[in-house]
1. May I ask which residue of 764, 807, 792 lies farthest towards the positive end of the charge dipole of region 761-809, with charges of +1 (Lys, Arg) and -1 (Asp, Glu) on Cβ and the Cα centre as origin?
2. Longest exposed-loop-site-free stretch of the chain, with chymotrypsin sites (Phe, Trp or Tyr not before Pro), DSSP loop and at most 13 other Cβ within 10 Å?
3. Note down the accessible area of residue 593, probe 1.4 Å, to the nearest 10 Å².
4. Over 15 Å, how big is the tail of the calculated P(r) for region 1-86, in percent of all Cα pairs?
5. Can you tell me how much longer the chain between residue 506 and residue 785 gets when fully stretched, taken as 0.36 nm per residue apart minus their C-alpha distance, in nm with one decimal?
6. Given contacts defined as C-alpha pairs under 8 Å and at least six residues apart, what's the relative contact order of region 15-150, whole-number percent?
7. HN-Hα J couplings of region 588-596 from phi, Karplus 6.51/-1.76/1.60, θ = phi - 60°, integer Hz, Gly and Pro as x?
8. Which aspartates and glutamates does residue 580 reach when only Cα atoms under 19 Å apart count, and residues fewer than 8 places away in its own chain are ignored?
Amino acid sequence: MRASIKWLKDYISITQAPESLADKLTMAGIPVAAVECLGMNIHNVVSGKILEVNPHPDADRLSVCKITVGTDKVTIVTGATNVRSGQIVPVALIGAKLPSGKAIEQAEFRGIISQGMLCSAEELNLDTKIIAPELREGIYILPPETAIGIDIQTALGLDDTVLEFELTPNRADCFSVIGLAREVAVLTSGTIKKPMLALQENGTGKAGSLASVTITEPSLCSRFAARILQNVKVSPSPVWLQHRLQAAGMRPINNIVDVTNFVMLEMGQPMHAYDYSLLARHSIIVRKANPGEKLTTLDGVKRELSPGTLVIADEVQAVGIAGVMGGLATEVTATTQTVLLEAAAFQGASVRRTSRALGLRSEASGRFERGVDTANITRALDRAAKLLEDMGACKVCPGIIDNYPGMTLPRQVTFTAKQINSFLGTDIPQSNMVDILRRLEFELDIQADQVIVTVPTWRSDVTGPADISEEVARIYGYNKVPTTTPAGRMARGSQSYIQSIADRLKSILAGGGFTEIISFSFMHPHTLDKLNFSSDSHLYRGIEIKNPITDEFPWLRTTLLGGIIDAIVRNLSRKNEDLKIFELGSVYLPDALPLNDLPREPLMLCGALCGRRNEVSWNQHQQMVDFYDAKGVIEELLAKLGITDFTIKAGEHPSLHPGKTAIFTVGDDVVAIVGEVHPKVQAAFGITRKVYMFEMPVATLTEQARLIGRYEALPKFPAITRDLAVILPVDVPSSRVTEVIAANGGNLLAEIKLFDVYIGEQVPAGYRSLAYSLVFRAVDRTLTDIEIEAHHKNIVVHLEKTLSAKLRD
């Protein structure tokens, strides 16, 4: 937003320097980004009238101009081709300085003395975007009514300073010069002068009988008002108005368009003018675009409108995109006789969506996006009509067409001085707060200690006591608010126990040669089919994503297995065949669908191995990993977590090979599942080699883990080792044998280790031989064979009784 000091002075007396005023506004929460002096570095350049233009006698491309600059006359030689007798032009006299740093001196051109220079827009450093196209090349031609001999800064409106604001979106009221003048008045204890709106309304016929306005989408257009202007004379705007627009960064076009832009900048209300005769049945309908409807906008671009786009239409077609840009078909031209002038309030979100969809932003759309003052619409219409009426550009028809389906009432906020001071940490008297709010034009009803504030309609950002606190603080002065150190207990940041376990797991696996992967937290239900899960598995109860990144990932994942196998497949397809990978991440398990509560998000560890056990080297065996490598990984993880009392038994898992799957349990809790990938799963994913996988619930590991182990002194006395080989049916698991040995070995039994499994000629069919190494040790003495013998016999007896085991010879 740009506002010139001269324009602000139309409404408020300003005595401060622009820089000082900018500081005040910035400290009050109306930040000024830059202060720009428009006519900087232009000296001794005046307006002059060309009396004669004659060819140079000795140069075909030069002309000799006789120019009056008031009381004096000068002769200037120029090469410009657009100068004519009677024109008023900028004249840089001898001694003048231009923005480029050029100093003008008397010069001789083939025998004729030139007493200065005629200036172009470029030489005066004028922004070509805000001047007419025909003035951008050659000598700049001033309006014919320009006084002669005056400083060019005055003639071009460059004797002004512009404040450029970087406003926050909530302060929609400050996207207008009057809104900014209101802030200046509060900060300088001045009184704002608002424009007079007394219209003559000499037009023929009442506005309500000449046109109609219908709103079919009141949720998107809360108000739409219009005036009818007759006997319109389209012409250039007055110089003062052109200067106001140019200072704000806008190019003057004609009096009708310029007035709508002027009022938009002055009052913050965008407006648009339609050629009344080009509106079918002189009607306005605010509706959504029809499917496939197209509109050529004022910039000459034909645009296809989506069905959700809000448009302004007549009885036949769309004539404008609501809040963004008007249509070319009803543009006001030099032949326009009657104008329908409209002002409306459109929903900000709707305008923002339309603007982004079309890639079309305008000054109007920016204001509608932030919100306009609905109550100010008819005042804006009257202001525009009054300006045009005073210019003699039209006659205004009596009355306003005003369609206002849902009137917006001012908001009320209640507060106490104690409440505000508690919020700010200040001790501001209630009388000061009341004075500040009244200067901001808030209406107040004081009831004892309580104050009821009626918020002006233009302050849509004030909704509660916190906003009242901000208003008080910024006008009272942020620099007067005491600086205090925030009080409160500081919580020391730390990891949770489960996070520590997760880090330990990652560290152990990385030390074992594994690489961590991170896959998407999404999956497709077809992945569960490929993983061989039955259709009644709870994993099929996945949470659907409303806006999935692709159609391949419509669910939040319920297992990590799919991501791990996808990584295996991707690596194998790129000849990376020796893999040890793992992922530690959450899965998402709802208790019921549709969701009423947040799903459970258990942390899971999943890993896989395939390929060679060791790197390719001349001194390494090129053996492939097998089930026992994967099982050993689990045993290492459990050992490093201090989990020793686990049991291993054969198990089943839909994705793992039957007969090659083991389940690790502690009590009734499953801490790990490990096995070879099922042949059906391999075929479904196109894997042609053996892959071994494991899966572990991190929460269960956390419950069982003992990161700080129990201290035991190193043994001082030697141990006695006995070997025990027994023959048992093949369906008796080794873990069961270990349980019986441990239960009957006595308190001297320190270690049990299976070191041999044999099935062969010396063992009957359906049986196998299991050989164990038993270590006996006492902490206070050296054991004798006699002491151990009793324990050894007890173990053998119970193996025979409970498992029908036989000692192997």
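The values are calculated or read from the model by the stated rules, or taken from the named source; none is laboratory data. Nothing here was measured: the structure is a model prediction, and the numbers come from that model. Don't worry about glycine lacking a Cβ; one is built from the backbone with ideal geometry, like all the others, and counts go over all protein chains shown. Side chains are part of the model used for accessible areas, which takes the heavy atoms of the whole protein and leaves out ligands, DNA and RNA. Shrake-Rupley method; radii C 1.70, N 1.55, O 1.52, S 1.80 Å.
1. 764
2. 1-617
3. Around 80 Å² of this residue is reachable by solvent.
4. Roughly 72 percent, rounded to a whole number.
5. 95.9 nm
6. Relative contact order, region 15-150: 24 percent.
7. Listing the rounded values in order: 10, 10, x, 6, 7, 10, x, 5, 10 Hz.
8. Result set, ordered by chain and number: 503, 516, 566, 615, 626, 629, 635, 636, 676, 695.
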